[in-house]
Amino acid sequence: MQVDVEVIETAEAAALAGFDMVIDVRSPAEFAEDHVPGAVNLPVLSDAERAEVGTIYVQESRFRARRIGAALIARNVARHLETALAEKDGAFRPLIYCWRGGQRSHAMATILSQVGWRTGLLKGGYKTYRRHVSAALYDAEAPHRLVLLESPTGCAKTELLGLVAGLGVQTLDLEGLAAHRGSLFGAIPGAAQPSQKMFESRLLSALQALDPARPVLVESESSKIGERMIPPALWRLMEAAPRITLSAPLEARARYLVSAYREITEDPAALDDILARVPDRPGAKRLAEWRALAAAGAFEALAAALMELHYDPAYRRSSRRDERPQLGAIALDRLDPAGLQQAAAQISSLLVDAAERLPRAAVRA
């Protein structure tokens, strides 16, 4: 029985939501760089097979490349039918895409439709999806009502963001999306940053899950988190967003940082490398003092010295130039669980009080 493949013209979330599974048939390397959030990778050509077919296509014969490619695709689709798709019933509705909606996705979609499944095909493939992401994050005006959580280094902003989310406040965890804690010490051991494209995919998906009518709390960041750039649509909102500022004693912040970044204190080589790369070049004498503190295991003293001599002055300079309105200031006497819970409740209360006064944008990202 002939079953037609439904062609989907747009990669907007609403258009994809009607399918039971979004299947990315590109090679694993292509999928790893970026993909539609929630998509499942069922490649019709492996990385090695794709390279082999491409080489034959360019250097030998287009016909031979297509014949070999067809055999490989048929074999790989058969394996997916026997494994990942083996338990799907007759009501299963998959959406297929490849790089640009070409032979790989058409082959998979044709076979799945012949099985009897109502199969969709994303016209233009990943390139259509990528244009959608770029338009939303680079060209459009995002409608969200952001509030920045701002403080000197060591005030537990990331932990507070999670606690505030637990109180029902909308939050956007940029550092979590970028897999980086946003400073020279911010790399997360064992977790490489996503590609810029993958970061943007994660970011757009997170933004689309938020209610633009309600405030969204986000950490104040520079325009880059590690090696990942915050896209213009969001950065424009952050530049204009009102802020809630936090403060805490230097000693409490130093103690918190040593606990939060314990993995760095346990890796002397990594710590030494970071110390040597602190911006504004610490100078040989100061660097020797920091190294001596690290060698002695005096990590709280080291953290305090770094904040006093580098991070706090940089924060004060930035704050003096900041003309964004302030919704409130919270002084944290301590950064233990009880103190942070209390601060989270204060932040939540400030957001509730300010909700009606926050600006609204007219265009949805």
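Comparing Cα centroids, the range 267-345 and the range 120-163 end up 27 angstrom apart. In a DSSP loop and with at most 10 other Cβ atoms within 10 Å, the trypsin sites (Lys or Arg not before Pro) in the range 255-309 are 277.
Computing Rg and the Kirkwood Rh from the Cα coordinates of the chain gives a ratio, Rg/Rh, of 1.07. Distances between placed amide hydrogens fall under 5 Å for residue 187 paired with 181, all partners being 5 or more residues away or on another chain.
Here's the list of aspartates and glutamates a cross-link from residue 224 could span, going by alpha-carbon distance under 13 Å and ignoring same-chain residues fewer than 8 apart: 175, 200.
Taking each residue as 0.36 nm, the span from residue 270 to residue 131 lengthens on full extension beyond its C-alpha to C-alpha distance by 46.2 nm.
Which of the three applies to the range 192-293, rounded, prolate or oblate, going by the alpha-carbon gyration tensor with a ≥ b ≥ c and a/c under 1.5 meaning rounded? Cα axes put the range 192-293 in the prolate bin. If a/c stays under 1.5 just call it rounded; otherwise compare a/b with b/c (prolate if a/b is bigger, oblate if not). Do that for the range 6-134, with a ≥ b ≥ c from the square roots of the Cα gyration tensor eigenvalues. Oblate. This ranking places 98, 155 by how few other beta-carbon atoms lie within 10 Å of each, fewest first, which gives 155, 98.
Straight-line cross-link partners of residue 127 among the lysines, defined as a Cα under 22 Å from its Cα and at least 8 positions apart when in the same chain: 197. Scalar couplings 3J(HN,Hα) for the range 62-78, obtained by applying the Karplus form with A = 6.51, B = -1.76, C = 1.60 to θ = phi - 60°, are 5, 5, 5, 4, 5, 5, 5, x, 5, 5, 5, 4, 4, 5, 6, 5, 4 Hz; x denotes Gly and Pro. Of the residues 180, 310, 144, the one that moves most in a GNM of the chain with alpha-carbon contacts below 10 Å is 310.
When the alpha carbon gyration tensor of the range 141-357 is reduced to an equivalent ellipsoid, the three semi-axes, largest first, read 30, 20, 16 Å.
The helix-based estimate of mean residue ellipticity at 222 nm for the chain, built from -39,500 (n - 2.57) per DSSP H run of four or more residues and divided by its residue count, is -14000 deg cm²/dmol to the nearest 500.
Got the relative contact order for the chain handy, in percent, Cα pairs under 8 Å and 6 or more residues apart? Across the chain, relative contact order equals 19 percent. Let a ≥ b ≥ c be the square roots of the eigenvalues of the Cα gyration tensor of the range 143-257; is it rounded (a/c under 1.5), or, if not, prolate (a/b larger than b/c) or oblate? It is oblate, given that a/c is not under 1.5 and a/b is not larger than b/c. The simple spin-label model puts a point 7 Å past each Cα toward its Cβ; for residue 356 and residue 316 those points are separated by 4.0 nm.
None of the figures in this text is laboratory data; all of them are computed from the coordinates on show. Computed from a predicted model, the values in this text were never measured in an experiment. Quick reminder, even Gly has a Cβ in these numbers, built from the backbone with ideal geometry, and neighbours come from all protein chains shown.
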